[in-house]
1. Of the residues that make up segment 51-65, is at least one open to solvent by less than 10 Å² (accessible area, probe 1.4 Å) and not in a helix (DSSP H, G or I)?
2. If I ask for residues that are in a helix (DSSP H, G or I), within 10 Å of the ligand (Cβ to nearest atom) and open to solvent by 20 Å² or more (accessible area, probe 1.4 Å), which ones from segment 1-31 would you list?
3. For residues in segment 62-86 being away from the ligand (no atom under 11 Å from the Cβ) and under 18 Å from the mean Cα position of the chain (by Cα), which is farthest from S130 (Cα to Cα)?
4. I need the full set of residues from segment 121-135 which are open to solvent by less than 30 Å² (accessible area, probe 1.4 Å) and at pLDDT below 95, in order please.
5. With the requirement that a residue be surrounded by 13 or more Cβ atoms within 10 Å (Cβ to Cβ), of a type in the set (A, V, I, L, M, F, W, C) and part of a helix (DSSP H, G or I), what does segment 66-87 give you?
6. Of the residues D239, D182, D262, D206, only one is over 26 Å from T50 (Cβ atoms), touching a residue at least 24 places away in the same chain (Cβ under 8 Å) and either crowded, with 22+ Cβ neighbours inside 10 Å or of a type in the set (D, E) (or both); which?
7. Return the only residue of K19, K76 being under 19 Å from A119 (Cβ atoms) and at pLDDT 95 or above.
8. Among the numbered criteria (1) within 20 Å of N133 (Cβ to Cβ); (2) open to solvent by 70 Å² or more (accessible area, probe 1.4 Å), which single criterion is violated by L161?
Amino acid sequence: MISVLSGGTGTPKLIQGIKNIVSPDDMSIIVNTLENDYFSGVYVAADVDTVLYTLSDIINDETWYGIKGDTFVTHKQLDNLNFPELLRIGDLDRATKIQKTLLLENHTLSEAVDIQRIAMGIESKIIPMSNENSQIKVITDIGALDFHDFLIKHQSNPKVLDIQFSKVNPAPNLINTIKNSDIVIIGPSNPITSIMPIISMDGVIDALKETYVVAISPIVGNSPVTGPAGKFMNALGYDVSAIGVCSIYKEFLNKFIIDEVDKDLKNEIINIVDELEVTNTLMNTIEDKENLAKIALKSYK
Ligand code: GDP
């Protein structure tokens, strides 16, 4: 049994590789929900939806957001009505979000997502990290911003001073899923806003300590491959490097995978973690994704 901890860009790329080499019913994806919120009247669980679309092969893998080939008729009409939306939600994607919003009237998020993954023909389990609503603020030089305001309205430009997020409880089946796994893979996701929210919930680190954990660095050289992870790590006092990422996970990490670009960090990292692999971690093609997945799963029998 394999578990994967995921955000909404780096790890879904890896999931495309993993799903080609393991049986779908052998895999559970535990997904960040920290940034979930209501937009335009619908509940947006962006990372969860990205995982749903990735596993059902309909993800827009240029933006890692929404459905491939989607149209934006409703989005444009809202604009015409002088009701512009912050998030650009596609028409098909909006249907998923409407369904989830309606299901949430009498189901937990875990139950709603389970209904949706079955409807999409997905055999792997998808576990939203929590059924509770959480809040995240990005403290910047221009004030405390909501996460999506920072990301979209301000294009991640302000200087980040701190990240603050509320504490939530893990979804009911999360801790047992980790404990019953032979291997947990922490994909190359933003360590601060995608993975920290998961591992900072009560009981998660203890469960990870009981399991074989492999992580892949989302930082290659001195910057993330995409997105604001570097700014967030810097604000919280971590070195923006594979070493900085490794130091966040070191309490429970068994194996760390870094990029060839960072091979000179080998000696330093081997002091922090038992096993280290150096390989190409840039996932541009399906072969890149499958190769990285095979390396991550090497110790999995
Ligand atoms: P978010 O929810 O959209 O922030 O997505 P994630 O947290 O899942 O992923 C964002 C992280 O993925 C960034 O820190 C990137 O550096 C990392 N990332 C994206 N593509 C790749 C890749 O091909 N290789 C590696 N090593 N990291 C990647």
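1. Keep residues of segment 51-65 that are open to solvent by less than 10 Å² (accessible area, probe 1.4 Å), which gives 51-54, 59.
Filter once more, so that each one left must be not in a helix (DSSP H, G or I): 59.
Checked against the condition, which is being open to solvent by less than 10 Å² (accessible area, probe 1.4 Å) and not in a helix (DSSP H, G or I), segment 51-65 yields at least one hit.
2. K13, the sole residue that qualifies.
3. As a first pass, look at segment 62-86 and keep what is away from the ligand (no atom under 11 Å from the Cβ): 62, 66-86.
Subset that is under 18 Å from the mean Cα position of the chain (by Cα): 62, 66-67.
Values: E62: 28, G66: 22, I67: 24 Å.
Looking at residues that are away from the ligand (no atom under 11 Å from the Cβ) and under 18 Å from the mean Cα position of the chain (by Cα), I get E62.
4. Residues of segment 121-135 that are open to solvent by less than 30 Å² (accessible area, probe 1.4 Å), as a first pass: 122, 124, 126-130, 134.
Within segment 121-135, just S134 meets the criteria.
5. L78
6. Working: D239 fails: touching a residue at least 24 places away in the same chain (Cβ under 8 Å); D182 fails: over 26 Å from T50 (Cβ atoms); D206 fails: touching a residue at least 24 places away in the same chain (Cβ under 8 Å).
Answer to the check: D262.
7. Details: K76 fails: under 19 Å from A119 (Cβ atoms).
Only one candidate passes the filter, namely K19.
8. Result: L161 fails condition (1) only.
The values are calculated or read from the model by the stated rules, or taken from the named source; none is laboratory data. Computed from a predicted structure; not experimentally measured. Cβ: placed from backbone, ideal geometry, glycine included. Neighbour counts: every protein chain shown. SASA here: full protein model, heavy atoms, side chains in, ligands and nucleic acids out. Shrake-Rupley method; radii C 1.70, N 1.55, O 1.52, S 1.80 Å.
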